[in-house]
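The values are calculated or read from the model by the stated rules, or taken from the named source; none is laboratory data. Quantities reported herein were computed from a predicted structural model and do not represent experimental measurements. Ideal geometry is used to build each Cβ from the backbone, glycine not excepted, and the neighbour counts take in all protein chains shown.
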Amino acid sequence: MDAVEGIPPAVTEETEAFWAAAAEGRLVVERCDDCGAESFPPRGMCRSCRSRSLSPAEVTGRGRVYSYTVNYQRWTPDLEVPFAIGLVEFPAHPGVRVVGRLRGRDPEDVRVDDEVEIGFEPGPGGYAIPSFTVVGRGQAAGQAG
Ligand SMILES: [Zn+2]
């Protein structure tokens, strides 16, 4: 995938740090200087106490699939289907959930609670966008829901 179709992100004062870190392969969220809550996507205000005193915090460690969807629709002629998109959360970063493609496993074999590693892939406009590699089966495997 060389040329990536789509609309490039609108980089704002609030999201600048995220995109700069993404270009370096680092996933960065906002951490509140007052209460410590972490927020994503960046919005310049704490989701918990509404403080505007925020610092970038790097998300490290593995994440878990909180929810996912499998797309079968070939929206553009070059799009390979099916593919899975997940909402990923991080045990060490409560309250943070990030959307991205789930790779490394057959899309139809992805499950809630699967373990993922953080990565990035080329997105529209040359921006690096979050992408996750499924590396393990979570505790909830086999359960309904
Ligand atoms: Zn706060």
_Whether any residue in the range 48-61 is on the phi > 0 side of the Ramachandran plot, within 16 Å of the ligand (Cβ to nearest atom) and modelled with pLDDT of 95 or more is what I want to check._
yes
_Among the listed residues PRO42, PRO9, identify the single one that is under 16 Å from the mean Cα position of the chain (by Cα), within 16 Å of the ligand (Cβ to nearest atom), at pLDDT below 95 and not in a helix (DSSP H, G or I)._
PRO42
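Which members of the range 18-34 meet the condition of being surrounded by 13 or more Cβ atoms within 10 Å (Cβ to Cβ) and within 16 Å of the ligand (Cβ to nearest atom)?
Kept after step one, since they are surrounded by 13 or more Cβ atoms within 10 Å (Cβ to Cβ), are these residues of the range 18-34: 18-22, 26-32, 34.
Matches in the range 18-34: VAL29, GLU30, ARG31, CYS32, ASP34.
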*What is the one condition in (1) surrounded by fewer than 17 Cβ atoms within 10 Å (Cβ to Cβ); (2) modelled with pLDDT of 95 or more; (3) hydroxyl-bearing (Ser, Thr, Tyr) that THR76 does not satisfy?*
(2)
*Please name all residue pairs, on different chains or six or more residues apart, with Cβ atoms under 6 Å, provided the first residue is in the range 71-99 and is farther than 21 Å from CYS35 by Cβ and the second residue is charged (D, E, K, R) and in a loop (DSSP other than H, G, I, E, B).*
THR76/GLU5; VAL81/ARG74
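Yes or no, residue by residue, for (1) within 14 Å of TYR127 (Cβ to Cβ); (2) not in a loop (DSSP other than H, G, I, E, B):
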{"position": "VAL4", "(1), (2)": "yes, no"}
{"position": "ASP34", "(1), (2)": "no, no"}
{"position": "ARG47", "(1), (2)": "no, no"}
{"position": "SER55", "(1), (2)": "no, yes"}
{"position": "TYR68", "(1), (2)": "no, yes"}
{"position": "LEU79", "(1), (2)": "no, no"}
{"position": "ILE85", "(1), (2)": "no, yes"}
